[in-house]
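Heads up, the thing below is written out as structure tokens.
The values are calculated or read from the model by the stated rules, or taken from the named source; none is laboratory data. Given the structure is predicted, the values throughout are model-derived calculations rather than measurements. Glycine gets a Cβ as well: all are built from the backbone with ideal geometry, and neighbour counts include every protein chain shown.
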Amino acid sequence: MELKALSPSASLLAALLHLHCLCVTTFAFVGVATQIQRRTGGPSVLVKASTSESSILPTANSISIDNEDDVEQPSSSSSCRVLLLDHLNINHEKGRHDVVKAFYFDFLGCSIDPRKYDNYLSGKKTVWANIGMHQFHLPEGEPKAQVFQGMITILHSNLDVLMERYNRYLDGEKDDKLAPLQNTEFLVGMLDNEMMLVTDPWGNEFCILPSDDPIEDRAANIGSQPTLDGHVESEGLAMEDITVYVPHTANLDGISRFYEYVFGAPTLEELSSSESNSISIAMGERQTLTFQYHPYGMDADDEVEHHEFRYHDEENDGDSSSDQPFYPSNYGPHISLYVSNLSHAYKQAEKLNVLYVNRRFERQAYTLDEAIDQCMFRVVDMIDPLDENKEVILRLEHEVRSTTTRDGRKYKSCPLLDVSGVN
Ligand SMILES: *[C@@H]1O[C@H](CO)[C@@H](O)[C@H](O)[C@H]1NC(C)=O
């Protein structure tokens, strides 16, 4: 109710705490309600829903499409599945590794990825902060940090420890590990003793939920990210959901059909709600990707954007003889997911004409063969397969990964233990 009165820069957390203090029992902010609903259901809901045909919205595969080439056999969606939402890539403020470390490692209890340990030690460039099987990829901004327009939900093994750290920080001891977070946006609040809302130093919003069963939630029997010798595993157990805010004009059903068509990823009706104006898509059996109308209302619609294209960068010059398609570089955040059949997803994306190459990154796959060789390709435009006009609903960069290399061995970056019968 008061949300609209707040300036867009005002912290969502502050708004929520404010609402809470007014003893409002129903949440005005629907994303949080969705998350509570999910948690009370537990992981079994996800498992059940993702295998239950009846819970899935109408899909592109069950509806014939005008262009005959695009008509899929009903079995095609089972040719590809999403196995894992691996990481969120988001820029931190250049030159502020002190803040990155204080927030991700000293407060949240992420573990340091050994593959980026040199950068961690030198205090420059990209670091990876691991949480169970999942990661945050944190490159340097240019120079500013990105603020993801959404909410990141993580499961944590010990909220009391987080609160103790926060209280120590509030006491303001100079040598406190969280001292670099002073004079940033960093803010922590607790709701009903069961959910922590955290604003990171730059304004990103996290919802942190306690775990009823840390061993099950960490799922180390399914996969894990590497830890440094002698370091303990992450306190956080999983990145359970990424909620992406979208304009109120966005075609949510079209987004559902996009995920079903390209990745074989079903929308979970139990977790989607017309009241909260959101849809949740299964990312494997343990995670979701949620698309939700921006909680600040339609006034915020103009500002909702998840890409940042640059058309004139040096990297694209001097290569004019190339017959490769030209793509602008994207400096926005991206998500990375593993699929069970990269070729299938690639072909589906090709049919929708949404293949994308980001020259900002080293690996660049312009063809299916290159995608297979590099175990990845990218997509940025999201299009409803049923929309004849192929209007872009939303731009969000996806790094789509394969668990296996061309010769069937496990892709070295894949955190899943078993990649054998993934299909
Ligand atoms: C993967 O997808 C390709 C392209 O759709 C298909 O030809 C192949 O049979 C699929 N592989 C498996 C193991 O399902």
Could you say which residue among Y293, Y311 is modelled with pLDDT of 95 or more and either surrounded by fewer than 17 Cβ atoms within 10 Å (Cβ to Cβ) or more than 30 Å from S157 (Cβ to Cβ) (or both)? Y293
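Which is touching a His at 6+ places or on another chain (Cβ under 6 Å) and of a type outside the set (D, E), of C110, C80?
Values: C110 fails: touching a His at 6+ places or on another chain (Cβ under 6 Å).
Step by step, each of C110, C80 is checked, and only C80 is touching a His at 6+ places or on another chain (Cβ under 6 Å) and of a type outside the set (D, E).
Those residues that are hydroxyl-bearing (S, T, Y), assigned to a strand (DSSP E or B) and touching a residue at least 40 places away in the same chain (Cβ under 8 Å), I need them from segment 364-423; list them, please.
Within segment 364-423, the first condition is being hydroxyl-bearing (S, T, Y), and the residues that meet it are 366-367, 402-405, 411, 413, 420.
Remaining after also requiring assigned to a strand (DSSP E or B): 402, 404.
S402 - this is the single residue of segment 364-423 that is hydroxyl-bearing (S, T, Y), assigned to a strand (DSSP E or B) and touching a residue at least 40 places away in the same chain (Cβ under 8 Å).
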Output the residues belonging to segment 178-220 that are farther than 24 Å from M239 by Cα and of a type outside the set (A, V, I, L, M, F, W, C). P180, Q182, N183
Of F326, F361, which residue is away from the ligand (no atom under 16 Å from the Cβ), outside any helix (DSSP H, G or I) and under 21 Å from C414 (Cβ atoms)? F361
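Name every residue in segment 189-208 that is in a loop (DSSP other than H, G, I, E, B) and of a type in the set (G, A, S), in order of residue number. Steps first, please.
In the first step, residues of segment 189-208 are kept if they are in a loop (DSSP other than H, G, I, E, B); the result is 192-194, 200-204.
Matches in segment 189-208: G203 only.
Report whether or not T243 is within 30 Å of L159 (Cα to Cα) and in contact (Cβ under 8 Å) with a residue 40 or more places away in the chain. Please lay out each step first, then the result.
Details: within 30 Å of L159 (Cα to Cα): yes; in contact (Cβ under 8 Å) with a residue 40 or more places away in the chain: yes.
So T243 fits the description; yes.
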Restricted to segment 337-355 and to residues being within 14 Å of the ligand (Cβ to nearest atom) and surrounded by fewer than 18 Cβ atoms within 10 Å (Cβ to Cβ), the residue farthest from H306 (Cα to Cα) is S343
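Sort out which residues of segment 371-417 are of a type in the set (D, E, K, R) and within 21 Å of D113 (Cα to Cα), and write them in order of number. It would help to see each step written out before you state the result.
So in segment 371-417, the residues of a type in the set (D, E, K, R) come out as 373, 378, 381, 384, 387-388, 390-391, 395, 397, 399, 401, 406-407, 409-410, 412.
Listed by number, the residues that qualify are E399, R401, K410, K412.
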Being buried (at least 21 other Cβ atoms within 10 Å of the Cβ) and closer than 20 Å to L83 by Cα is the filter; apply it to segment 356-381 and report the residue that is farthest from the chain's Cα centre (by Cα). A371
Consider only pairs whose beta carbons are under 9 Å apart and that are at least six residues apart or on different chains; among these, list those whose first residue lies in segment 154-168 and is without any contact (Cβ under 8 Å) to a residue 40 or more places away in the chain and whose second residue is part of a loop (DSSP other than H, G, I, E, B) and hydrophobic (A, V, I, L, M, F, W, C). R168/L178
Test: residue in segment 168-188 that is touching a helix residue (DSSP H, G or I) at 6+ places or on another chain (Cβ under 7 Å) and part of a strand (DSSP E or B): yes
